[in-house]
Amino acid sequence: MGLSATIAHMALIDPSLDCVSLTEALCNIESVSLNEAEICAGIEAVLRAQSHLRVTRIGNSLVARTELGRPERVVIAGHIDTVPLNNNLPVTNDGEFLHGLGTCDMKSGVAVALKLATSVPSPNRDLTFVFYEAEEIDAKFNGLNHIVAQRPDLIEADFAILMEPSNGRVEAGCQGTLRIEVITRGERAHSARSWMGHNAIHDAGEVLRRLQQYVARQPVVDGLTYHEGLNAVLISGGVATNVIPDECRVTVNYRYAPDRSEQEAQAFVREFFDGFEIDIVDSAAGARPGLDRPAAQDFVKAVGGEVAPKFGWTDVALFTRLGVPAVNFGPGDPVYAHKADEQVPIAQIHSVEASMRQWLGA
């Protein structure tokens with residue numbers, strides 16, 4: 001990116017803006033997954049202008065660290081990509097909500113983190129700010145994974161906060177996610193002589209029947225009640241309109257509570273779909289709440305004491321795997337994430353920022 005473009009982005013992402021205006025500015029830089037170069041350059045220019053931060057760029061992800069010699073280090077992280085547009089940019093402001101792509105998931109949280117990074121030069125803890133790419137797509141693209149693979153030292157910490165939308169309260173842990181394809185196989189034939197073949201799509205009816213009869217587990221994990229889900233999300237099959245199909249694939253997403261490991265989740269779906277061929281397409285373990293850790297307890301107490309389970313997967317799981325206790329805490333109701341009418345309450349942006357500032361002694 002040329003100098004003139006960088007200067008333009010420095011003007012566009014003005015760190016002196018309040019968090020609401022900063023959210024609007026960030027959202028209006030389109031950054032659908034794998035298209036984060038533009039927003040990354042803008043954020044990088046802002047961070048490198050801060051003398052109290054040491055900035056490292058890996059791909060289109062940024063790590064900015066204070067080096068104050070504090071006894072505790074905290075990671076504050078957020079992804080800078082979004083799901084694809086759905087006629088929901090530019091952002092609109094009705095005085096109560098910001099509406100538009102990224103407002104909830106999760107550029108309002110990124111705006112809070114960026115505001116803290118630029119306006120709290122001497123926090124009571126050392127801070128590591130992480131702004132990373134490609135969270136919304138397959139894990140192989142995830143910028144946080146790339147940082148861990150290349151420079152794990154950059155995100156060593158005592159505690160981590162993912163600024164994911166959580167309705168302005170702490171959401172602890174996260175569900176695991178497993179995506180599989182349940183495959184039925186048949187034999188091709190001309191549709192005028194269907195009895196000479198075997199219809200694989202018809203066999204998928206049994207797969208759907210089992211899913212309709214599924215009863216979700218609601219286990220209590222460390223005092224929080226999780227709600228699992230097992231759902232067909234895609235179905236594909238067929239060759240031509242005059243051919244009996246010889247294959248059908250039902251893609252199923254299993255969102256499971258963090259009391260189950262990846263291996264246990266895989267064993268469950270294999271048993272559930274016993275008799276069918278299964279391909280495991282994607283798998284990511286969940287994370288237990290970790291509320292027994294002192295750093296987590298202190299943070300929960302500081303920001304109001306309300307805790308809920310995280311329904312969904314976030315990179316809290318990655319930090320948990322690294323042995324770093326982590327929670328989700330950000331503005332926005334996650335129900336609106338990925339929706340055409342995505343929105344975030346303006347009051348929540350202010351309240352999350354205020355809570356974080358108080359906790360950091362600012």
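Under 10 Å, Cα contacts only: if you run a Gaussian network model on the chain, which one of N253, N86, N145 comes out with the highest mean-square fluctuation?
So, out of N253, N86, N145, the one fluctuating most is N86.
How large is the charge dipole for region 199-355, taken about the Cα centre, if only the Cβ atoms of Lys, Arg (+1) and Asp, Glu (-1) carry charge, to the nearest 20 debye?
Charge dipole, region 199-355, about its Cα centre: 300 debye, nearest 20.
Which residue fluctuates the most in the chain, going by a Gaussian network model with Cα springs under 10 Å, if the choices are D315, D105, D298?
Looking only at D315, D105, D298, the largest GNM fluctuation is found for D298.
Identify, among L127, F97, G109, the residue whose Cα sits farthest towards the positive end of the charge dipole of region 1-143, taking +1 on the Cβ of Lys and Arg and -1 on the Cβ of Asp and Glu, with the dipole about the Cα centre.
L127
Can you run phi through the Karplus equation (6.51, -1.76, 1.60; θ = phi - 60°) for region 307-317 and list ³J(HN,Hα) in whole Hz, with x for Gly and Pro?
9, 9, x, 8, 8, x, 9, 9, 6, 3, 4
For region 93-110, what does the Karplus curve 6.51 cos²θ - 1.76 cosθ + 1.60, with θ = phi - 60°, yield as ³J(HN,Hα) per residue in whole Hz, taken in order and with x for Gly and Pro?
10, 9, x, 10, 10, 8, 10, x, 4, x, 4, 8, 10, 9, 6, 5, x, 4
Compute the long axis of helix 346-359 from its Cα atoms, compare it with the longest principal axis of the Cα atoms of the chain, and write down the angle in degrees, 0 to 90, nearest 10.
Compared with the principal axis, the helix lies near 60 degrees.
Distance between the C-alpha centers of region 48-102 and region 223-288? Whole Å please.
Distance between centres, Cα-based: 33 Å.
Can you tell me the alpha carbon radius of gyration of region 104-194 divided by the globular rule-of-thumb value 2.2 N^0.38 Å? Please report the intermediate quantities before stating the final value.
Details: Rg = 21.5 Å, N = 91, 2.2 N^0.38 = 12.2 Å.
The reported ratio for this selection is 1.76.
Roughly how many nanometres apart are two label points built 7 Å out from the Cα toward the Cβ at R293 and D222?
Inter-label distance under the simple model: 0.8 nm.
Mind checking which of V327, S283, G186 is farthest towards the positive end of the chain's charge dipole, using Cβ charges of +1 (Lys, Arg) and -1 (Asp, Glu) about the Cα centre?
Of V327, S283, G186, it is V327.
Once the dipole of the chain is set up with Lys and Arg at +1 and Asp and Glu at -1 on Cβ about the Cα centre, which of N231, Y336, A77 lies farthest towards its positive end?
Toward the positive end, the furthest listed residue is A77.
Collect residues whose amide H, placed 1.01 Å from N in the peptide plane, falls under 5 Å from the amide H of A326; neighbours closer than 5 in sequence don't count.
Long-range HN contacts for A326: A160.
How big is the charge dipole of region 1-135 about its Cα centre, in debye rounded to the nearest 20, if each Lys and Arg gets +1 on its Cβ and each Asp and Glu gets -1 on its Cβ?
620
Enter the Cα centre distance for the pair region 24-42 and region 200-215, rounded to the nearest angstrom.
Using only Cα atoms, the two centres lie 41 Å from each other.
If you build a Gaussian network model of the chain, linking Cα atoms that sit under 10 Å apart, which residue out of T103, T128, T56 swings the most?
The residue that fluctuates most here is T56.
Hey, got the dipole for the chain? About the Cα centre, +1 on K and R Cβ, -1 on D and E Cβ, debye to the nearest 20?
400
Quick query: amide H of S31 versus all other amide H atoms, modeled in the peptide plane; which residues come in under 5 Å with a sequence gap of 5 or more or a different chain?
T82
Using only C-alpha atoms and all pairs of different ones, pull out the Kirkwood radius for the chain in Å with one decimal.
21.8
Each residue of region 276-281 in order: what ³J(HN,Hα) in whole Hz does its phi give by Karplus 6.51 cos²θ - 1.76 cosθ + 1.60, θ = phi - 60°, with x for Gly and Pro?
With coefficients 6.51, -1.76 and 1.60, one gets 10, 6, 10, 10, 8, 9 Hz.
Here, each number is a calculation from the coordinates, and none is a lab measurement. The structure displayed is predicted, hence computed values, not measured ones. Every residue, glycine among them, receives a Cβ derived from its backbone with ideal geometry; neighbour counts consider all protein chains shown.
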